[in-house]
Amino acid sequence: MKTVTISKERLKTHIDQLGEIGETIDNGVQRLALSNEDREATLLVSKWMKEAGLTVTHDHFGNLIGRKEGQNPCFSPVMIGSHIDSVRNGGKFDGVIGVLAGIEIVHAINESNIIHDHPIEVVAFCEEEGSRFNDGLFGSRGMVGKIKKEDLQKVDDNNVSRYQALKTFGFDINPDCIELSVRGIGDIQSYFELHIEQGPFLEKNNYPVGIVSGIAGPSWFKIKLIGEAGHAGTVPMNLRKDPMIGAAEVIKEVETLCMMDPKAPTVGTIGRITAFPGGSNIIPESVEFSLDIRDIDLERRNNIIQKIEEKIKQVSISRGLVYEIERNVDAVPAKCSGNLINSLKESCKELGIDAPIMISGAGHDAMLLAEITDIGMLFVRCRNGISHSPKEWAEIDDIFTATKILYETVLKHI
Ligand SMILES: [Zn+2]
């Protein structure tokens, strides 16, 4: 079995120290993008990148990049990345372990005197969580050319625009020059991301790590059913045009459709619902609810969406309602590269680790990078599947195991 020079102690120290920046009273973390805490975290991670011998820069989307040159100046870099921003009242592992594992891998390459052709880049993407400007995966969308100048005008709760926040964040970020930071196909050799699972699968099945086969693409909708308001005491049931009962029928159907194929990983969620005018003695005039549908298979997902739309139409006709459907997000599911999955499997075998192949229900920066390069992802088991909470926890032994696998895998591609 191979021995790898990854330092568990340094990895743990880095995770703990970064977790102190923006630490909340209940041991959680709040580090919103481009905030003072984010700046402090950026400075610390930059320092660690420099200690690993990386040349540190920022691109104009605010992505922090540490680069180590390879032997061949014409080769494109192998990238390892994730994010160091957090949700409001989040945990200290989400995103962080992917960036810190990248730095640790560079240390191990240096300490083992490994000569490599491809450059290596370790990246902390700007605002993955979307918790400040309500617009996630910003840095990775920018890098692959999906951010336009007008997208920089989004404002936070204090009316500060992303443009202003980028401009005043420091370093050499210049939001007027974002097009200079866009990368295309061929500009990145391959992209690796290590992340906590944020779900219960690994823990439940007793695996420390899992190899991701693909990332489910979310589709988000705002659905509005409009009926007729009325007095809850006087309008007989058979004369009502009640959009809440209509919504209930639709919502139940979402569950039925998502569970139709027990082997499919399709998930559907209604996380928000509001009734207007919203009185306990008023039949609502309208009801608006969100719908989040995800699947790794685009065709299956779109097929279910179509069936939900048919149900909305049918319920509206039978209840005398008017409906509006607005699609806000439509992300295409991203497949991980078969080649990188095989490399990850091989590394697991070399290290004597049994890792299942699994899908990611949550979106990650890797999902965007998949548009321009091959992606490979590793998941780390997390306690009770909890994430985006101060209760988020991953064992250092599992993070260490995942970092060793990633190290062995990166070596195969640089
Ligand atoms: Zn994350």
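Every number here is computed from the coordinates shown, using simple stated rules; none is lab data. None of the values given here were measured: they were computed from a predicted structure. A quick note on method: Cβ atoms are made from the backbone with ideal geometry, for glycine too, and the neighbour counts reach across all protein chains shown.
For the chain, what ratio Rg/Rh do Cα atoms give with a Kirkwood hydrodynamic radius? Radius of gyration relative to Kirkwood radius: 1.02.
Taking Gly376, Gly227, Gly81 in turn, the Gaussian network model of the chain (Cα-Cα springs below 10 Å) assigns the largest fluctuation to Gly227. Convex hull volume of the Cα atoms of the stretch 122-280, normalised per residue: 217 Å³. Direction-averaged projected area, Cα convex hull, the stretch 206-246: 6.8 nm², rounded to one decimal.
Springs join every pair of Cα atoms under 10 Å in this Gaussian network model of the chain, and among Val235, Val106, Val254 the largest mean-square fluctuation is at Val235. Angle of helix 396-411 to the longest C-alpha principal axis of the chain, folded into 0 to 90 degrees and rounded to 10: 70°.
Using only alpha carbon positions, build the gyration tensor of the stretch 217-330, then give the equivalent ellipsoid semi-axes as the square roots of 5 times its eigenvalues, largest first, whole angstrom.
29, 13, 11
Ranked by how many other Cβ atoms sit within 10 Å of their own Cβ, fewest first, the residues His14, His364 fall in the order His14, His364.
Between Cys126, Cys336, Cys258, the Gaussian network model of the chain with springs among Cα atoms under 10 angstrom shows the greatest mean-square fluctuation at Cys258.
Need one number: % antiparallel among DSSP beta bridges in the chain, to the nearest 5. Counting only bridges with both partners in the chain, antiparallel ones make up about 70 percent.
In degrees from 0 to 90, rounded to the nearest 10, what is the angle of the helix 36-51 Cα long axis to the longest principal axis of the chain? Computed tilt is about 30 degrees. The fewest-to-most ranking of Val315, Val267 by surrounding Cβ atoms within 10 Å reads Val267, Val315. For the chain, the longest principal axis of the Cα atoms and the long axis of helix 298-319 meet at an angle of about 20 degrees.
Net charge in the neighbourhood of Arg141 (other residues with Cβ under 11 Å of its Cβ; Lys, Arg +1, Asp, Glu -1) is -4. In the P(r) worked out for the stretch 291-349, what percent of Cα pairs fall beyond 14 Å? Pairs farther apart than 14 Å: 68 percent. A cut-off under 11 angstrom between Cβ atoms defines the neighbours of Ile375, and their net charge, with Lys, Arg +1 and Asp, Glu -1, is -3. Among Cys177, Cys348, the ranking by other beta carbons within 10 Å of each residue's beta carbon, starting with the fewest, stands as Cys177, Cys348. Rg then Dmax, both in Å and based on the Cα atoms of the stretch 198-270: 19.5, 60.
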